[in-house]
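Notes to accompany the following structure.
The values are calculated or read from the model by the stated rules, or taken from the named source; none is laboratory data. For clarity, every value in this text was computed on a predicted model and none was experimentally measured. All Cβ positions, even for glycine, are placed from backbone atoms using ideal geometry, and neighbour counts span all protein chains on display.
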Amino acid sequence: MTRHELTRFPLIKALLKNRWPQLAVYAALLAGFIFAIFAGFVGSPVGNHNFSIVFVWIAWWAMLILAAVPFFGRGWCAVCPIPLPGEWLQRGAILELAPTGKGVSLGRRWPNPLRNIWMQNISFTLVALFSSVILTMPLITAVVLSAMFFLAIGSSMVFERRAFCRYLCPVGGFIGLYSQIAPLELRVKTTRACASCKEKPCYHGSEAGYGCPWQVFPGGLQKNSYCGLCMECLRTCPVDNIAVNLRPFSSDLATPTKRLDEAFKAFIMVGAALIYAGVLLGPWGALKDAAYRIGSGVWFAYVGVFLSVLFVLMPSLYALAVKAGMLLAKTSSAVRPAFAAMSAALVPLGLMFWVAFSLGFVFTNATYILAALSDPLGWGWNLFGTANIPWQPLFTGLLAPLQTLVLIAGMLWSAETAQKVASAAGVRPLPVIIYCLLATLVMLGLLL
Amino acid sequence: MKSAMIFRLLMLAGGLALALLPSFAQAAPPVERVFRIEASSFAYKPGQIQLNLGDRVTLELVSMDVVHGLYLDGYDLSLTADPGQTARLTFVADRAGSFRFRCNVTCGAMHPFMIGKLTVGPNHSFTLAAGLTISAIAIFLLIHPRRASQ
Amino acid sequence: MKREILARILLLALCLVVVLIPLALRDRSLTLRARMPEDDGWSPQVIQAAAGQPLRLRLTSEDVTHGFAVGQMEMASVDVLPGVVSEVTLLFDEPGIYTFFCTRWCGLNHWRMRGTIEVSGGDAPALADAPLYVALGLDIDAPHPVPGVPSQIPSAARGGQLAEIVSLAEFSTPEYYRAHSPYQVYQDLVSTNLNAAERWDVVSYLWRSQTTAEGLAEGARLYAQNCAACHGETGGGDGVFADQLAASGQSSSQTMHGSMSARTPADFTDAQNMLGASPALLQGKLMRGGMGTGMPMWGVIFTEEQSWNIIAFLYSFQFQYQGVTR
C-alpha cells in the first residue's frame, strides 16, 4: 500500500509543529463554542433562528460527517476546543511548555474497568435518545454543550491527560470508529527507532512538548481510533520519527478489532442511523411524537425499541450471520472473536448511512445557515444582509440520486471489507454481505 | 461453485429487473384526485400519498392547531394554511418517484422534521436504488468470487 | 513566558468578546414576545403609552406563527414570526385602554392571547353607548328557535323582484333590520299577502339590502380569520377545533357538576336557530362572548361596523345572495 508522507513538506511540518496555528484555530473555535452556549441560553428559543442549533446541528454536523470524518478522521478532535480549558488548568499553560507540576490536576489514572469505549457508547446512546429535543431546542443544546464543557474540565482536574476525549465524549467514540476509514494517519516512520528509544518522550513528555494527551504510544499505533492528531508527538520525538501520511481509504480495517466495545459502537451507529432515518425524516407522525414527548409512555416505548434495535436485534442478527459464515467455512472456533472482527464491515456501511441521512436534512435546511449568520440570536440583527433569506430546500432533485450513490458505495465498501477480514476471522463473508445488503435496502426504503 | 455462480447471476438479473422494470409498468390512466391533508404539530395526516403519473391532483391543506405549511420537494410547490382557512393547490403529477413534503412555516421544536411523503407511480426512487444496489453487489461478487468463497 | 501571557490574554479576550459585544449591542427597546397561550401568551401583557406619541414595538414569536393587531383600530395585522423580529409603530390619538390581540390561530386557546395598552394623557373619552341588545332588553342566552323554516333557500334575487310590487318601506330601515329576527319579519310580512316562500325570499332580499358586496367581503374575511376555526369554513359548527372544544367542555362540565354548557360552536347553517336570531342578538353574542362556552368576547376587538359586516355574512349561510351584485 502506498503512503505519502505529508510531513515531508517543510511548510506542512512547520505548521503542524508550531503551537501558534493550532492555538489560533482552538481559540476561534472556543469562542464559537462559547457563543453557541451563550446563544442557546439567551438567544431566541426558536431553533432554526438560533446559532446554537443552526451552527452546531446543521453547519458543524455537515462539516463533521460529510468532510472531516471521512477525509481527516480525527481531524476535528485535533482542533476541538472542548478540552482546551481543562488542559490549560492541567498543564498550567496553553502555549508554552510549563514545568511539570505547575498544573492543578490530581492526575489520577483512569480506572481500569473503564479503559474502553463503553462509556462513549452509553453517552452517545443517551444523546441519541434525547435527540428530538437536543437537535431542536437551543436551551437543551446549550445545556448539553455546557455539560460536555464542564465534564471535560472536571475530568482534566481529576484524571491525567484527556480522559474526557478518550473515554467519555459522545462524539469522540464514533469519530474514532470512522477515523479508521480516513485516508489520513499519524504513524511512526520506523518502529525500530521507537524500540531503541529509551525515554519515550512522546508518551511521557519532554522539554519539547507534552506526553500524548490521548494516552497512546505512537510507536505502537496500528489504527487511527485513539490518535487525536494533536501533533504533540511530532513536537516531542527526539529522532523525528513521526509522520503524517496520506494513505488509501479504510486501511485500518485490514486489522479488525477484537474488542466488543468497538464492535458495539459499529452497531450503535448503524442502528441509530436507521432509526433516525425512519423517525426524523420519515412520514410517520406517531414516531416523531413518541420521540418528542420525553417522559411519556410512548417515549419509554420508543426508548425500549431504540435500545432493543441497537443492542439486541442488530447485533444478534449479525451474530447469526457470522455463525452462518462459520458454518459455511466449516470453522468451529468461538463466535465472539469472529463477531468482533467482522464488525469491521459495518464501519464503512455505518459511515455511509450517516452521510446519506445527513444529506437528507443538511441540504434541506442549509438556508438557515445564511439567515443565522446575519441574525445568530434571533434578535432582529442583519449583520451581513442575509437575515431575511427565506427557507428553501436546496438540490431536492439531487438528493435521492446522491443518497442512492452513497448507500451503494457504502454497501460495496462494506462487502469488500467483509471479504478482506473474513479469512483471518475464519468465516465466509457471504452471510455478512447479505446482512449489509438488507440493512442498505431498509435504509433506502426509509430515505426514499 | 457452479451454484454460487448461478446465484450471483440470478441476483444480478433480479436487481436489474427491479431497477428497470417498473419504468415499463403499465401506468394507470391519469385521473383527478383531491387529497385532504390535516396538519398538526408535527405530522401530516395522511403522511403518505400515492398517485399515478399524470394525475391532476388537488391538495387541501387543513391546519388543525397552528399555522402550518407544505413544501413539496421536486415540484418546488408550497402552501400555507391557517386553522379555519383551508389552502388548496392543484398540479399535474408529471414527475415520477417519491418526494418528501415538509412544513415550511416554523411550527415548534420538531418543525424541521414535520415531513410527509408523496409517491407518484410505483416508487421509482426506491426500486431503482434497490435494484442498482442488488445489481452492484452481484457484480461485485462476480468480480471477486475467490475472495468471497475463501 | 511573554508569549504565553499574550496567548492567554488573546484567548480570554476572544471568549469574552463574543459574549459581551452581543450583550452591548442588544436592542433594549420594548420587545413584545409571543408564545402560545398555554405558555403565557404575550409578554409583557400590559404596555404603557402616551396619547399623541408614537409607540415603537419590536415583535417576535418564541414558538409558532402569531399575529399582532390592536382592537378597534384601523391597522393591518402584523405577522409575528418565530425567531424573527418585526417592528411596528403605533400612534394613539385618544387616551384609554386598548386591547391588542393575536391575529393568527395558534391553538384552541388562541383567542385568550390578548393584552392591553394603557394610553395616558388627559381624560379618557366618554364610554361608548351600551350595545344594542342591552337597549332592546334582549336575553341573548335564551334559546330562540323558530316554529317553521323555509322549504327552500330564500333567494334575495327573487325577493328583489317581489320588492318592486309590494311596499317594504317600514321593513327597510337599519333599525328595524337590527331589532328583528328573519322569522319576525317573515311574520310581519303576512300583511303583504305573499305566500310563505315569497315572504322568505323578501326577507332574504331585505337582509341583503342592509349590507353591500364590500361589507359581505369584509365579513367573510373576518369570519375566515377569526371564526372559521371553530364554527367551520362553511358555517356548520364543525371547524377544526370543534372536537377539541367539545372535549374541553366535557372535562370542565364534569369538574363543575354539569353547570357548564356544552362547548359546541354554533351551527350557522341551522335554520331553526339562525332565523330566530336578530342581528342585535347575534351582535350581543359576538361582542359579549359566550361566558364560558368557549366563544370569545369580541367587543374590544371589532369595531361596530366590522361586527355588522360579520353578522351580515353569517346570514349568508341561510340566504341565497347570488344574483345581487350591489
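Before moving on, here are some points about what is shown:
- Restricting A:309, A:322, A:270, A:303 to those that are over 21 Å from residue A:177 (Cα atoms), β-branched (Val, Ile, Thr), assigned to a helix (DSSP H, G or I) and in contact (Cβ under 8 Å) with a residue 12 or more places away in the chain reduces the list to A:303.
- 2 or more residues touching a Pro at 6+ places or on another chain (Cβ under 7 Å) and farther than 19 Å from residue A:78 by Cβ: qualifying helices (runs of 4 or more DSSP H) within region A:102-199: A:118-129, A:138-158
- Which listed residue is within 14 Å of another protein chain (Cβ to nearest Cβ), over 19 Å from residue A:284 (Cβ atoms) and in contact (Cβ under 8 Å) with a residue 24 or more places away in the chain, from A:362, A:355, A:347: A:362
- If the condition is being within 8 Å of another protein chain (Cβ to nearest Cβ) and touching a helix residue (DSSP H, G or I) at 6+ places or on another chain (Cβ under 9 Å), then region C:27-43 contributes only C:36.
- Test: residue in region A:389-396 that is within 30 Å of residue C:86 (Cβ to Cβ), assigned by TED's automatic domain parsing to the domain that holds residue A:363 and at pLDDT below 90: yes
- Qualifying residue in region A:389-405 (condition: within 7 Å of chain B (Cβ to nearest Cβ), part of a loop (DSSP other than H, G, I, E, B) and within 14 Å of residue A:358 (Cα to Cα)): yes
- Selection status of residue C:141, in contact with a Lys or Arg (Cβ under 9 Å, 6 or more places away or on another chain) and either part of a loop (DSSP other than H, G, I, E, B) or within 14 Å of chain B (Cβ to nearest Cβ) (or both): yes
- Of all residues in region B:75-88, none are in contact (Cβ under 8 Å) with a residue 60 or more places away in the chain, over 30 Å from residue B:17 (Cβ atoms) and either within 14 Å of chain C (Cβ to nearest Cβ) or part of a helix (DSSP H, G or I) (or both).
Condition check ((1) under 30 Å from residue A:134 (Cα atoms); (2) surrounded by 15 or more Cβ atoms within 10 Å (Cβ to Cβ)) across all residues:
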{"residue": "A:277", "(1), (2)": "yes, yes"}
{"residue": "A:280", "(1), (2)": "yes, yes"}
{"residue": "A:286", "(1), (2)": "yes, no"}
{"residue": "A:290", "(1), (2)": "yes, yes"}
{"residue": "A:299", "(1), (2)": "yes, yes"}
{"residue": "A:310", "(1), (2)": "yes, yes"}
{"residue": "A:328", "(1), (2)": "no, no"}
{"residue": "A:337", "(1), (2)": "no, yes"}
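- Taking each residue of region A:76-93 that is without any contact (Cβ under 8 Å) to a residue 12 or more places away in the chain and in the same structural domain as residue A:62 (by TED's automatic domain parsing) and looking for partners that are assigned to a helix (DSSP H, G or I) and not small (Gly, Ala, Ser) with beta-carbon atoms closer than 7 Å, six or more apart or interchain, yields A:93/C:4.
- Enumeration of residues in region B:19-36 that are out of contact with any Asp or Glu (no Cβ under 7 Å at 6 or more places or on another chain), at pLDDT 90 or above and within 13 Å of another protein chain (Cβ to nearest Cβ): none
- Residue in region C:172-193 that is within 14 Å of another protein chain (Cβ to nearest Cβ), in contact with a helix residue (DSSP H, G or I) (Cβ under 8 Å, 6 or more places away or on another chain), of a type in the set (S, T, N, Q) and within 30 Å of residue C:225 (Cβ to Cβ) present: no
- Per the conditions (1) under 23 Å from the mean Cα position of the chain (by Cα); (2) more than 7 Å from every other protein chain (Cβ to nearest Cβ), the sole criterion not satisfied by residue B:98 is (2).
- Set side by side, the residues C:92, C:68 differ, and just one is surrounded by 18 or more Cβ atoms within 10 Å (Cβ to Cβ), modelled with pLDDT of 95 or more and more than 9 Å from every other protein chain (Cβ to nearest Cβ), which is C:68.
- Within the span defined as region C:8-20, every residue fails to be away from chain A (no Cβ under 12 Å) and either surrounded by 13 or more Cβ atoms within 10 Å (Cβ to Cβ) or touching a residue at least 60 places away in the same chain (Cβ under 8 Å) (or both).
So that you can scan it fast, the table gives a plain yes or no per residue for (1) more than 23 Å from the chain's Cα centre (by Cα); (2) buried (at least 16 other Cβ atoms within 10 Å of the Cβ); (3) in a helix (DSSP H, G or I):
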{"position": "A:12", "(1), (2), (3)": "yes, no, yes"}
{"position": "A:15", "(1), (2), (3)": "yes, no, yes"}
{"position": "A:22", "(1), (2), (3)": "no, yes, yes"}
{"position": "A:25", "(1), (2), (3)": "no, no, yes"}
{"position": "A:28", "(1), (2), (3)": "no, no, yes"}
{"position": "A:33", "(1), (2), (3)": "no, yes, yes"}
{"position": "A:39", "(1), (2), (3)": "yes, yes, yes"}
{"position": "A:45", "(1), (2), (3)": "yes, yes, no"}
{"position": "A:48", "(1), (2), (3)": "yes, yes, yes"}
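- Some residue of region B:110-126 being closer than 20 Å to residue B:25 by Cβ and of a type in the set (Gly, Ala, Ser): yes
- Of residues in region B:101-132 being more than 27 Å from residue A:389 (Cα to Cα) and part of a strand (DSSP E or B), the one nearest to the other protein chains (Cβ to nearest Cβ): B:119
- In region A:406-430, the residues that are in a helix (DSSP H, G or I), touching a residue at least 60 places away in the same chain (Cβ under 8 Å) and surrounded by 21 or more Cβ atoms within 10 Å (Cβ to Cβ): A:410, A:411, A:413, A:414, A:415, A:417, A:418, A:421, A:422, A:425, A:430
- The residue that is nearest to residue C:36 (Cα to Cα), among those in region B:46-69 that are touching a residue at least 40 places away in the same chain (Cβ under 8 Å) and in a strand (DSSP E or B), is B:66.
- Scan of region A:50-99 for residues that are over 25 Å from residue A:38 (Cα atoms), part of a loop (DSSP other than H, G, I, E, B) and either of a type outside the set (A, V, I, L, M) or out of contact with any Lys or Arg (no Cβ under 6 Å at 6 or more places or on another chain) (or both), ordered by number: A:73, A:74, A:92, A:93, A:96, A:97, A:99
- Residues considered: A:130, A:71. Of these, the only one that is under 27 Å from residue A:224 (Cβ atoms), in contact (Cβ under 8 Å) with a residue 24 or more places away in the chain and in the same structural domain as residue A:23 (by TED's automatic domain parsing) is A:71.
- For region A:80-117, filtered to residues that are within 14 Å of chain C (Cβ to nearest Cβ) and β-branched (Val, Ile, Thr), the residue that is nearest to residue A:204 (Cα to Cα) is A:94.
- Boolean, residue C:34 is exposed (fewer than 12 other Cβ atoms within 10 Å of the Cβ) and either at pLDDT 95 or above or not β-branched (Val, Ile, Thr) (or both): no
- Any hit, region A:362-371, residues being touching a Phe, Trp or Tyr at 6+ places or on another chain (Cβ under 6 Å) and of a type outside the set (Val, Ile, Thr): yes
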